[in-house]
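Below is one structure, written out as structure tokens, with a few remarks after it.
Derivation of every value follows stated rules applied to the coordinates shown; laboratory data play no part. This is a predicted model, so every value here is computed, not measured. Every residue, glycine as well, gets a Cβ built from its backbone with ideal geometry; the counts of neighbours run over all protein chains shown.
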Amino acid sequence: GVRGFYKDIFDYAAFRHLRLDRSVDLYVNLDYGSVRGFEVILTKSATGHYSGSLGYTFQIAKGRSSDPKAAQATPQLFGLPRETRLSFDQEHTLNLFLGYRIGPNEEYNVFGIPLNNWGVSATWNFGSGFPYTPFNTSATLEDLYLANSGDGPYTSEVNFSAYKGFQILTGLNVIITLDV
């Protein structure tokens, strides 16, 4: 499957002071963001005990701020009519799933021992780094344009899962799962 997506997000909440003495604060709907990208997914249905999928997503999330209180923290940046990468933007993600299962009524031997009603799976998620603002000791007005211009380290996560089912009664299958 191949999918493209684009979404304009209007009316994000932003924090505002209603009085100069800051005695009255209010969240108002005036912020903006957008997300666009595509994803490609290859899937193998569960046939011959195996199943799997491989997916890649490319996306760009931009907006005026990642936090409703950004206007309070850096009002000069928020006043600029431009978008920066949002803090939760992760441009590249790769997801892999592999699974193997034997059903409750299937005959399967491991080293001569009959086993059925079990399965194992592994997932791997890999993503590009999240944006951050590089630290600069001599900040100038031009440095405001560097907000979220750096890329953090790549992320990677591997999960393993195994289960064994026990047919207790007809129609009742108790499953014990181990997730690592």
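Brief remarks follow.
- Using the Karplus relation 6.51 cos²θ - 1.76 cosθ + 1.60 with θ = phi - 60°, the per-residue 3J(HN,Hα) values for region 127-134 come to x, 5, x, 7, x, 8, 9, x Hz, with x marking Gly and Pro.
- Using θ = phi - 60° and Karplus 6.51 cos²θ - 1.76 cosθ + 1.60, couplings along region 44-51 (whole Hz; Gly, Pro as x): 10, 5, 6, 10, x, 6, 9, 8
- In this structure, the amide hydrogen of TYR108, modeled 1.01 Å from its nitrogen in the peptide plane, lies closer than 5 angstrom to those of LEU115, counting only residues at least 5 positions away or on a different chain.
- Kirkwood-based shape ratio for region 89-138, expressed as Rg/Rh from alpha carbons: 1.45
- Local electrostatic count at GLY4 - Lys and Arg +1, Asp and Glu -1, tallied over other residues with Cβ under 9 Å: +1
- Nitroxide proxy distance, nm - points 7 Å out along Cα→Cβ at TYR6 and TYR50: 3.9
- What separates the Cα centres of region 113-127 and region 159-180 is a distance of 12 Å.
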